[in-house]
Amino acid sequence: MFGTLGSLRRWLIDHRRAFKRRRKFARSDVIVVSHAKSGRTWLATMISHLYHQRYGLPASEIIQFDNFHRREPRVPRILFVHDNVKKGPDVGLVPLPIYARKKVVLLVRDPRDVAVSAWFQKKRNQRKGQERTVPSIDGRPLTIEDYVIEMKLPRVIAFLRRWAEWADRIPQLLLVRYEDLHRYPHEELARVTAFINGAPAQPDEIAGAVAFAAFDRLREKEAAGFFATDKLRPGALDDPDSFKVRRGKVGGWRDSFGPQDIARIEVLMREPALARFGDRPLGAEPGSSAACA
């Protein structure tokens, strides 16, 4: 079954991770699902600050699964997962029936902005030494055009296609669009917290959370090392693109491409499943101000 000791070790590690993952899914009260680079950290920061205000939990902590629940049992266990795995975008972390038994918040974002943000995340990881090799194609360095058009964007679209198929089969599912969260942050955060907690948060709590996670404030906190998590650490203080909170611009993907590449990208966006996520194609307002990439 196993050709080498190394392959056995990898199997054991994967098996252990899968067991821990299933256990977290089983114990969670709410699961927030998104593709990577869809605004998960921003949403988690706002939700966290609601509980900072309500229960006096440390403002430097961000909620992830049961860390807040262990301090204050009235806080639900909220599991944030990307559900996009290396096996492929058509494979979820866990089977659909597990999601169907839970409250699920599905956070979606324009796949073009997701793919471009992922490119800058890759560069950020290289600066932080988390990626030892620089990807290449046929011996030449990988470009943003290669990465977005040939690699990342098709995978993000495939992820959204799978969740478009799954959405109607999850009884308790709340769809949240990143773009709407930016345009109406107070209203959308109120909707999310009412779904999670079963009752709406107070207006002053919502206002405080939105202000706490505002773009400029989050960048200042990231630069100062305010948060306890390494997720909010820049690759280099003098490089704006190395920050987790990078640009915060809805539709900003266009700034990275010329007319020919934009045309190629628009062809990929003719995916019928994307219509499942709203009356406008994801990301309808280029240039809108945002809060966290």
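The figures follow:
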read-out	value
Highest to lowest packing among 181-191, 45-55, scored as the average C-beta count within 10 Å	45-55, 181-191
Peptides 254-264, 142-152 ordered by average Cβ neighbours within 10 Å, highest first	142-152, 254-264
Total formal charge among the other residues, if their Cβ is under 15 angstrom from that of A194, Lys/Arg +1 and Asp/Glu -1	-1
Sites A18 and R276, calculated FRET efficiency, Cβ-Cβ separation with R0 35 Å, nearest 0.05	0.75
Table column - 3J(HN,Hα) (Hz), segment 165-181, Karplus curve with 6.51, -1.76, 1.60, x for Gly and Pro	6, 7, 3, 6, 9, 10, x, 10, 10, 10, 8, 10, 9, 3, 5, 5, 4
Efficiency of FRET from Cβ geometry, A199 and R10, R₀ 45 Å, rounded to 0.05	0.50
Amide H partners (placed H, <5 Å) of V32, local residues excluded	L79, F80, V81, V105
Stretch gain in nm, segment D261-R71, where the contour uses 0.36 nm per residue and the Cα spacing is subtracted	63.4 nm
Mean Cβ neighbour count within 10 Å, used as a protection proxy, ranking 117-124, 201-208, 156-163 highest first	156-163, 117-124, 201-208
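Where a number appears in this text, it was derived from the coordinates with a stated rule and is not lab data. Values in this document were obtained by computation on a predicted structure and should not be read as measured data. Cβ atoms come from the backbone with ideal geometry, glycine included; neighbour counts cover every protein chain shown.
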